[in-house]
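The values are calculated or read from the model by the stated rules, or taken from the named source; none is laboratory data. On a predicted model such as this, the values are computed, not experimentally measured, just so you know. Reconstructed Cβ throughout: ideal geometry from the backbone, glycine too, with neighbour counts over all protein chains shown. To get the accessible areas, we keep the full protein, side chains included, count just its heavy atoms, and leave off ligands, DNA and RNA. Shrake-Rupley method; radii C 1.70, N 1.55, O 1.52, S 1.80 Å.
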Amino acid sequence: MNTTGWLKGLRVTADGTGIVSHAGVTLVRALSDKIGLTAGLSKALATGRLLVHDRGQVLADLACAIADGGEVISDFRVIGDQEELFGLVASVPTAWRTLDEIARGGERALGKITAAVNATRRRAWAQIVARHGALPGIRMADKTLTGVTCIRLDASVVTCHSDKEGAEPNFKGFGLHPLLAYCDNTTEPLAGMLRKGSAGSNTAADHLTVLEAAITAVPPAFRRRLMITCDGAGASHDLITRLDTLAARPGYQVIYSVGWELGKREKAAITAVPAGAWQIAVDERGEARERRTEDACGDPGCAHRRCWIEEAHVTELTGLLRESPAGDQLDGWPEKMRLFARRERPHPGAQLSLFETADGWRYSLWVTNLPEHTTGWRGQLAYIDAAHRVHARVEDAIRTGKDCGIGKYPSTALAMNKAWQAAALTAATLLAWLKLLALDGPLARAEPKTLRYRLLHAAAKLTRGGRQRRLNISATWPWATDITTAWDRITALPQAP
């Protein structure tokens, strides 16, 4: 076999003209301009000094470079080195100075950037609704909850391999410990706080700050009906009390779902649950979570109980704790708070507590204020469980966010890294809007790495004629039509003031 056959007759020269790499970056850059983000950032970072490069434009371009895969400030060259397409773009030192100026501006400068992004979000969501008819719903197993905006809070450790300000030992090694809030409907980040590595997972003050910032980030028209979720690591009395206060406001609906610790009183309640009170949980298809036994019959669709093992169940513990022989075990907690438990067969290698080892089930608990009289599928135990279990989607959002700027902080200074995080969250937001406003099918659900390969990193030939420039994507590129369609949709958006 001739393994070098593809080399025959191939020459590499340096005399091409009009060739553009990363041509798809024009999509996110054009979206930033059309939706008003660039102008908003320019106003937010305006200064009385005479500058060659507008700082808001530089920050918007840096966000586009991060969306394209930039991990350090020098990756800004992906835009700056292609002046023929993108025009006069700031240099890498200017991008560095922009972040440094934001860092020196402290929380005031970051607040201005956040306000500009939030103002743009109102226009972006209005266009999303115009295209799709409504904001995307919240998927729960095989059901979709519509008309509700879902905010998910979670913290994540970012490992640092060098000595950075704020990088400290933590339960996963050494690094920083940002706390983030994402919108589950659109998969975009709403707020973030860059914290020291030793920051606690359940620091109430941090969670309350990020929660308030996330709610503020949601356009007012979408704040009336909220769902707010957090895992057990972030649960605290102060957080649940604040959520209960938010839920009590007239004219607003706030349903929360927060993880809960398996303590002594909860173990006693679980032990007292009658066998018939455990209801089978459902999987992502809305079907019972069960699997075939090793000695099952030959019919995979049989209904023989001996052929199936139920893998997960759910029950409510509120009554057992509120009305226990020792009195109200939830005294001091909100009256409308309900406590649920899920048990499931542990996966191989799972670490179980002594209590769990005794009966072979792995337990997880959570609390919610979903009213007991809730009708339809939403009030069923299996879907109350499913509604909390999908909180894990925020972990996917953070994972892809780490592939979009927050996985590596480029500076040794904490203030500079906070400025970088602001640019990174803006980049992730732009990609979320790109998918909802301009893409279809698998691309509308794609992760950043896929979007880069198929769209953003596509090469093209830039030609001129008739006082116009044409960016010609190769006709043989499988996603050429998706790129041109996305461009047409973005350019058709109303120009923001």
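Length gained on full extension, D81 to Y453: 132.0 nm, using 0.36 nm per residue less the C-alpha separation. Where in region 117-159 does the label zone of A46 land, with the point 7 angstrom along Cα→C-beta and an amide N cut-off under 17 Å? Answer for region 117-159: 117, 119-120. Remark: spin-label model distance A115-A413 equals 2.3 nm, labels positioned 7 Å along the Cα→Cβ axis. Round to a whole angstrom and tell me the spacing of the C-alpha centers of region 159-180 and region 311-376. Here the answer is 33 Å between Cα centres.
Placing dummy labels 7 Å off each Cα toward the beta-carbon, the span from V92 to K264 is 6.0 nm. On region 217-283, 55 percent of the accessible area sits on carbon and sulfur atoms, based on a 1.4 Å probe. For the Cα trace of region 355-497, dividing Rg by the Kirkwood Rh returns an Rg/Rh value of 1.14. Per residue, the chain exposes an accessible area of 48 Å² to a 1.4 Å probe, with every protein chain left in place. Net length available on complete extension from T357 to R306 is 16.0 nm, with 0.36 nm assigned per residue and the Cα-Cα distance removed.
Its residues counted as N, region 445-497 yields a C-alpha radius of gyration over 2.2 N^0.38 Å of 1.31. Over region 218-285, all Cα pairs binned in 10 Å intervals from 0 give whole-percent P(r) values of 16, 32, 33, 17, 3, listed from short to long. Relative to the current alpha-carbon distance between H132 and W6, full extension at 0.36 nm per residue lengthens the span by 40.8 nm.
Roughly what % antiparallel, to the nearest 5, for the DSSP beta bridges in the chain?
Details: 48 of 59 bridges.
Taking every DSSP beta bridge with both residues in the chain, the antiparallel ones total about 80 percent.
With Cα atoms as the point set, the radius of gyration and Dmax of the chain evaluate to 25.8, 87 Å.
Taking only protein heavy atoms and a 1.4 Å probe, the accessible area of region 80-198 is 51% carbon and sulfur. Here the relative contact order of region 150-190, from alpha carbon pairs under 8 Å that lie six or more residues apart, stands at 45 percent.
Run lengths n ≥ 4 of DSSP H only: what is the helix-derived mean residue ellipticity at 222 nm for the chain, with -39500 (n - 2.57) per run over all residues, to the nearest 500?
Details: 16 runs with 183 residues, N = 497.
Estimated from H runs of four or more residues: -11500 deg cm²/dmol.
Remark: for residue pairs K34/K164; K408/K435; K34/K196; K34/K461; K172/K435, the C-alpha separation exceeds 28 Å in K34/K164; K34/K196; K172/K435.
Quote the FRET efficiency, to the nearest 0.05, computed for A275 versus E71 with a Förster distance R0 of 51 Å and r equal to the Cβ-Cβ distance.
Result of the calculation: an efficiency of 0.45.
How are the alpha carbon pair distances in region 324-416 distributed across 5 Å bins from zero to the largest one, expressed in percent? Whole-percent P(r) values from 0 Å outward: 3, 9, 13, 12, 15, 15, 12, 9, 7, 4, 1, 0.
Share of carbon and sulfur in the accessible area of region 388-442 stands at 56%, probe radius 1.4 Å. As a ratio to 2.2 N^0.38 Å, the alpha-carbon radius of gyration for region 122-268 is 1.16. The percentage of C-alpha pairs in region 279-373 whose separation is greater than 16 Å is 68%.
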